[in-house]
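The values are calculated or read from the model by the stated rules, or taken from the named source; none is laboratory data. Bear in mind the structure is a predicted one, so any value in this text is a computation, not a measurement. We place every Cβ from the backbone using ideal geometry, glycine too, and count neighbours over all the protein chains shown.
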Amino acid sequence: MNRRDFLKVSAGLGAMATLQMVGISCSRKGPEGPFSLPGLPYAEDALEPCISAKTISFHYGKHHQGYVDKLNRHISGTPFAKMPLLEIIRETAGKAEHAAVFNNAAQVYNHTFYWNSMTPKGGGKPQGAIAERIDASFGSYDAFAEAFTDAAASRFGSGWAWLVLDGDALTIVGTSNADTPAASGRTPLLTIDVWEHAYYLDYQNRRKAYIEAYLESLVNWDFAEANLA
Ligand code: MN
């Protein structure tokens with residue numbers, strides 16, 4: 001599925017359906033369970049020089065694949081094996097006895113969302129409907145960028161920063177480890193992974209430089225806008 005078709009399919013369906021479409025349409029069914037690694041929406045070197053092919057190779061091919069494999073192992077022979085990904089996330093969120101299933105399911109979801117939140121030659125100020133929503137909720141693009149950067153840079157340890165639709169307003173949410181706003185009914189529009197594995201090979205300890213590169217050169221505003229629908 002090319003990007004235009006992906007956006008066409010995703011418009012009007014919202015983020016949940018979007019990810020299901022990505023999973024169904026762009027991945028091969030793995031031999032070991034119901035979930036498989038969704039296709040990367042661009043080549044591994046397509047985000048260079050902001051994110052290297054080496055980072056994507058490990059992050060997508062090892063980390064994301066690892067979450068898929070562990071999820072399949074944990075749900076094998078359980079009722080979760082017959083549920084869609086988002087239903088597993090919502091059924092297991094906040095339940096200590098299901099922490100391993102939640103963590104791996106949420107990380108599968110979060111990483112798929114993250115790859116689609118970026119695009120080669122992306123970034124910068126958005127145009128159109130998403131720009132109007134950002135101005136309405138934050139006052140200006142610059143105020144949004146400052147708040148998003150702060151949420152991503154100040155996350156202690158591993159986690160994520162998100163732009164979400166919460167009711168009628170866009171807000172910024174930070175989550176720890178595998179936690180995801182998708183577990184609580186908010187609609188994710190964009191995310192950035194701030195686990196060290198996302199940036200350490202390219203930026204070492206300079207997390208803020210990675211966040212700036214994401215905003216200036218990578219953000220997929222078409223994806224964010226499609227998720228508004
Ligand atoms: Mn990651």
So K121, is it among the charged types (D, E, K, R), at pLDDT 95 or above and either closer than 19 Å to L215 by Cα or surrounded by fewer than 21 Cβ atoms within 10 Å (Cβ to Cβ) (or both): no
Exactly one of these conditions fails for L190: (1) buried (at least 17 other Cβ atoms within 10 Å of the Cβ); (2) more than 26 Å from Q65 (Cβ to Cβ). Give me its number. (2)
Has the range 107-118 got at least one residue that is closer than 19 Å to N177 by Cβ, among the aliphatic types (A, V, I, L, M) and part of a loop (DSSP other than H, G, I, E, B)? no
Being without any contact (Cβ under 8 Å) to a residue 40 or more places away in the chain and not in a loop (DSSP other than H, G, I, E, B) is the filter; apply it to the range 176-199 and report the residue that is farthest from the ligand (Cβ to nearest atom). P181
Restricting to the range 157-174, what's the tally of residues that are free of Cβ contacts under 8 Å to residues at least 40 places away in the same chain and more than 18 Å from H64 (Cα to Cα)? 12
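Taking the options K121, K70, name whichever one is of a type in the set (K, R), under 20 Å from H197 (Cα atoms) and not assigned by TED's automatic domain parsing to the domain that holds G159. Give the steps one after another, and end with the answer.
Numbers: K121 fails: under 20 Å from H197 (Cα atoms).
Testing whether each residue is of a type in the set (K, R), under 20 Å from H197 (Cα atoms) and not assigned by TED's automatic domain parsing to the domain that holds G159 leaves just K70.
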Out of the residues in the range 94-103 that are under 29 Å from T55 (Cα atoms) and surrounded by fewer than 24 Cβ atoms within 10 Å (Cβ to Cβ), state the one that is nearest to the ligand (Cβ to nearest atom). N103
So, in the range 51-71, exactly how many residues are under 17 Å from the mean Cα position of the chain (by Cα) and not in a helix (DSSP H, G or I)? 1
Scanning the range 200-229 residue by residue, those within 12 Å of the chain's Cα centre (by Cα) and either outside any helix (DSSP H, G or I) or within 16 Å of the ligand (Cβ to nearest atom) (or both) turn out to be V219, N220
Checking P126 against (1) part of a loop (DSSP other than H, G, I, E, B); (2) within 16 Å of the ligand (Cβ to nearest atom); (3) surrounded by 18 or more Cβ atoms within 10 Å (Cβ to Cβ), only one condition comes out false. Which one? (2)
Across the range 129-150, what is the total count of residues that are of a type in the set (A, V, I, L, M) and surrounded by 15 or more Cβ atoms within 10 Å (Cβ to Cβ)? 5
If I ask for residues that are more than 15 Å from the ligand (Cβ to nearest atom) and closer than 10 Å to D202 by Cβ, which ones from the range 44-76 would you list? E48, P49, C50
